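K.L.:
I am attaching a structure below and will ask some questions about it afterwards.
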Amino acid sequence: MKPIRNETVLRQLEWRYAAKKFDVQQSISEEDWLTLEQSLILTPSSFGLQPWKFIVVTDPAVKAKLLPISWGQKQVVDASHVVVFATLRNLSEADIDRHLTRISEVRGVSLESLAGFRRGIVSGLLNGTMNLKHWANLQAYIALGQFMATAAMLGIDTCPMEGIEPAKYDHVLGLEQQDFGTLVVCVAGYRSTEDKYAATPKVRFKQNDVVMRIQP
């Protein structure tokens, strides 16, 4: 038996939109938020390296500081939670070794047995031809998509936001001297009844225009 019915998935994805106005009186429950955090943690990434950090902001005072560096978009202060997706500024062998150590801990295997895997990662990513910051950013967008889809399944609204000033976010959040820098933001909460976009039909190209099937 399927864990989620097809029509349920499609209904919630149809229900989802980028909320422009949030209900300031509604907050996400701790149970639901822990599920959303786990969805971030469970996001797949290239080689499993997870080149990210997710900064969750619920402090009204910090949200207020983020508002003017978010192009004045009030979702930042009105939504229940703000998630800042930060990515590694520069992947190093130390980051790879940290991941391998975690594999050893979780799977109960020796680091020696992972030597071949390590060589493959180093060769694939640290060979001098890869733009590692760009690579890390692409991984974070996978996490963003998973977060938004999970929220939709829970009936929680989101709004992804690239209209921010990343360097100033780093300053407010104390990331300037850290290995991770701000990339994108996603706010989460519950839509306001005053948000006219909630009832606006989605505009998407027809299936045949965007899906090409190569079948036997």
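K.L.:
Within region 141-189, which residues are without any contact (Cβ under 8 Å) to a residue 60 or more places away in the chain, closer than 16 Å to Val57 by Cβ and small (Gly, Ala, Ser)?
P.N.:
Listed by number, the list holds a single entry, Gly174.
K.L.:
Leu49 - would you say it is in contact (Cβ under 8 Å) with a residue 60 or more places away in the chain, out of contact with any Phe, Trp or Tyr (no Cβ under 9 Å at 6 or more places or on another chain) and within 30 Å of Ser113 (Cβ to Cβ)? So that I can check it myself, show each step before the final result.
P.N.:
Details: in contact (Cβ under 8 Å) with a residue 60 or more places away in the chain: yes; out of contact with any Phe, Trp or Tyr (no Cβ under 9 Å at 6 or more places or on another chain): yes; within 30 Å of Ser113 (Cβ to Cβ): yes.
Spelling it out, Leu49 is indeed in contact (Cβ under 8 Å) with a residue 60 or more places away in the chain, out of contact with any Phe, Trp or Tyr (no Cβ under 9 Å at 6 or more places or on another chain) and within 30 Å of Ser113 (Cβ to Cβ).
K.L.:
Turning to a different aspect of this structure: Being surrounded by 14 or more Cβ atoms within 10 Å (Cβ to Cβ) and on the phi > 0 side of the Ramachandran plot is the filter here; which residues of region 121-140 pass it?
P.N.:
none
K.L.:
How do the pairs read when you match residues in region 33-45 that are more than 19 Å from Gly189 (Cα to Cα) with residues anywhere that are surrounded by fewer than 18 Cβ atoms within 10 Å (Cβ to Cβ) and at pLDDT 95 or above, using Cβ under 8 Å and keeping only pairs 6 or more apart or on different chains?
P.N.:
So the pair list comes out as Leu42/Gln146; Thr43/Ile142; Thr43/Gln146; Pro44/Ile142; Ser45/Ile142.
K.L.:
Name every residue in region 175-186 that is under 13 Å from Lys53 (Cα atoms) and loosely packed, with under 14 Cβ neighbours inside 10 Å, in order of residue number. Step through it out loud before you land on a result.
P.N.:
Taking region 175-186 as the starting set, the residues that turn out to be under 13 Å from Lys53 (Cα atoms) are 175, 178-185.
Within region 175-186, Gln178 is the sole residue that qualifies.
K.L.:
Considering only region 154-165, state which residues are surrounded by 17 or more Cβ atoms within 10 Å (Cβ to Cβ) and either assigned to a helix (DSSP H, G or I) or of a type in the set (D, E, K, R) (or both).
P.N.:
Once the filter is applied, which keeps residues that are surrounded by 17 or more Cβ atoms within 10 Å (Cβ to Cβ) and either assigned to a helix (DSSP H, G or I) or of a type in the set (D, E, K, R) (or both), region 154-165 yields only Asp157.
K.L.:
Show me the helices (runs of 4 or more DSSP H) found entirely inside region 1-101 where at least 3 residues are not β-branched (Val, Ile, Thr). Full working, then the answer.
P.N.:
Numbers: elements: 6-15, 30-41, 60-66, 75-78.
It comes to 6-15, 30-41, 60-66.
K.L.:
Next question, about the same structure. Might you check whether a residue that is of a type outside the set (A, V, I, L, M, F, W, C) and part of a helix (DSSP H, G or I) occurs anywhere in region 126-133?
P.N.:
yes
The values are calculated or read from the model by the stated rules, or taken from the named source; none is laboratory data. No experiment lies behind these values; they were computed from the predicted model shown. Positions of Cβ are generated from backbone atoms using ideal geometry, with glycine treated the same way; all protein chains shown enter the neighbour counts.
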